[in-house]
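Taking it in order: structure first as structure tokens, then the write-up.
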Amino acid sequence: MPSNNFIKNITSKDVSISKNTILNMIKTASLDDFSELCQNSDFIFPFLKERITNDFVKLINEEDIGTIFKFSEIYCADFENLIVNAWRKFASEDLTDEILELFNNGNLEQKTYCALYFKYIQDPLALEYLNKYAFCDFEPLKCACAQTLSAFKDSETYEKMKNIVLNSEDDFEKTSALGFISAYKGQDNVDFIVNHCFDNPFKVNIIANLLDYNDFDNLKNLSQDKIIQIFSTLIEGYPEDISLDTIGYYRILDFIKLINSYNNQYAKNALILAKEKFKEFSDNDIYTFDLDKNSKNDLKEICNALKLLPLEFSGLKEELKEYNTHRFKLALSVIQELNLKEYASSIAKNLNFLQDEYIALASLVLKELGCGNLISDKIIEKIQNENIKALVKSCKL
């Protein structure tokens with residue numbers, strides 16, 4: 001069992017205490033200690049995780065290789081480099097053969113570390129397992145295989161995943177395939193993902209996955225509309241689907257600066273909604289009490305940047321003519337969020353040009369504005385979907 005002070009000691013400001021704790025974990029091959037470290041990883045600052053990982057790799061000796069294999073039974077994304085880089089430190093033909101054997105017969109967690117090892121030690125014998133386990137349900141292993149297959153420049157499974165996205169009718173299957181493609185990286189992959197994710201009910205998870213593996217700078221070649229849609233999807237996902245501690249990693253402030261430079265109403269609408277949402281986060285401790293210092297500073301910078309942006313609505317009526325698009329949805333959201341009743345008549349006039357799904361969204365906004373009476377009987381009659389027709393009728397009452 002780890003001591004009550006284990007986490008305190010391994011994260012100590014006194015580097016000698018931290019190193020001695022790591023060394024003791026190595027020499028005792030304490031799986032309990034490593035498990036405790038992994039379980040607490042969400043509460044350890046990133047720079048401390050990096051320090052622990054680097055010190056572990058420096059302190060471990062070849063005689064302790066068995067400890068690395070033992071610890072590999074537990075997977076932790078925050079400490080995957082601790083295992084992989086320790087193996088790399090002692091890389092040899094015999095060790096690679098042993099890791100190949102583990103890749104075939106180990107548990108899913110061990111297979112994940114093995115897949116990442118072969119990203120650096122490119123033994124072609126690993127390709128069989130990489131292509132095989134890329135289709136497993138354990139997402140860390142799937143994505144590890146994607147990264148390593150990309151390093152091998154092996155595209156067989158990548159092409160199969162693209163075909164799943166294009167041809168499958170199962171949203172879960174598509175989402176999983178898009179996760180693989182995100183981890184495979186590359187500009188072509190970014191383009192493919194943003195062209196096939198926004199109609200998926202799991203779009204927030206897909207975009208978060210995209211940004212986990214592809215830097216913000218890889219998005220700059222996308223169209224303005226796509227970048228705005230990515231940003232809006234992220235904002236929509238906070239904090240229920242995406243943790244607020246990712247705002248720095250996903251470079252939300254850089255998104256804001258870039259989108260503000262577009263100077264059109266679509267961009268303004270995205271920033272207006274971000275301004276309202278981040279103000280709510282900043283004003284309520286329930287969202288920030290468990291954020292680390294760096295994330296709180298990121299949130300403060302984002303809020304300060306958004307405060308400087310004026311609320312502009314000069315092009316809002318024109319956005320309501322972008323029928324059946326994300327632009328239309330975003331315009332509706334701004335009107336709803338800010339209770340802009342003066343746009344109710346414009347919404348009502350455009351109902352006749354909308355598909356059933358968008359009529360439902362617009363009707364709900366009209367109802368919330370207290371203007372449901374503007375929904376005409378002719379609009380209700382044209383709706384094909386009976387469930388949506390019933391919903392719109394209820395909005396009119």
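The values are calculated or read from the model by the stated rules, or taken from the named source; none is laboratory data. Computed from a predicted structure; not experimentally measured. Neighbour counts are summed over all protein chains in view; Cβ atoms, including those assigned to glycine, are modelled from backbone coordinates with ideal geometry.
I need a count of the residues in segment 357-377 that are farther than 9 Å from K396 by Cβ and in a loop (DSSP other than H, G, I, E, B).
3
Report the residue count in segment 185-244 for those that are assigned to a helix (DSSP H, G or I), closer than 20 Å to F278 by Cα and of a type in the set (D, E, K, R).
So the answer is 1.
For segment 74-112: of the residues being among the β-branched types (V, I, T) and not assigned by TED's automatic domain parsing to the domain that holds D33, which is surrounded by the most Cβ atoms within 10 Å (Cβ to Cβ)?
The extreme case among them is T112.
Taking segment 39-64 as the search range and keeping residues that are of a type in the set (A, V, I, L, M) and farther than 11 Å from I10 by Cα, which one is surrounded by the fewest Cβ atoms within 10 Å (Cβ to Cβ)?
Ranking the candidates gives L59 first.
What number of residues within segment 70-98 satisfy the criterion of being in a helix (DSSP H, G or I) and small (G, A, S)?
2
Which condition from (1) surrounded by 14 or more Cβ atoms within 10 Å (Cβ to Cβ); (2) part of a loop (DSSP other than H, G, I, E, B) is the one that P310 breaks?
Among (1) surrounded by 14 or more Cβ atoms within 10 Å (Cβ to Cβ); (2) part of a loop (DSSP other than H, G, I, E, B), P310 violates only (1).
From the list I193, I235, I207, which residue is free of Cβ contacts under 8 Å to residues at least 60 places away in the same chain, farther than 27 Å from F289 by Cβ and out of contact with any Pro (no Cβ under 8 Å at 6 or more places or on another chain)?
Every option except I193 fails the conditions.
Considering segment 277-307 alone, what residues qualify as being exposed (fewer than 13 other Cβ atoms within 10 Å of the Cβ), of a type in the set (F, W, Y) and in a helix (DSSP H, G or I)?
Answer for segment 277-307, where residues must be exposed (fewer than 13 other Cβ atoms within 10 Å of the Cβ), of a type in the set (F, W, Y) and in a helix (DSSP H, G or I): there is none.
Quick check on this structure: which one of E101, E73 is in contact (Cβ under 8 Å) with a residue 40 or more places away in the chain, among the acidic types (D, E) and closer than 24 Å to Y133 by Cβ?
E73
Being modelled with pLDDT of 95 or more, over 25 Å from the mean Cα position of the chain (by Cα), of a type in the set (K, R) and surrounded by 15 or more Cβ atoms within 10 Å (Cβ to Cβ), is that true of even one residue in segment 315-322?
Checked against the condition, which is being modelled with pLDDT of 95 or more, over 25 Å from the mean Cα position of the chain (by Cα), of a type in the set (K, R) and surrounded by 15 or more Cβ atoms within 10 Å (Cβ to Cβ), segment 315-322 yields at least one hit.
Filter segment 338-355 down to the residues that are assigned to a helix (DSSP H, G or I), surrounded by 16 or more Cβ atoms within 10 Å (Cβ to Cβ) and not polar (S, T, N, Q) and list them by number.
Y343, A344, I347, A348, L351
Could you list all residues from segment 238-273 that are touching a residue at least 40 places away in the same chain (Cβ under 8 Å), within 22 Å of Q336 (Cβ to Cβ) and not small (G, A, S)?
Y238, P239, I256, N264, Q265, Y266, K268, N269, I272, L273
Name the residues in segment 36-47 that are more than 11 Å from I7 (Cα to Cα) and either small (G, A, S) or assigned to a helix (DSSP H, G or I) (or both), would you?
D42, P46, F47
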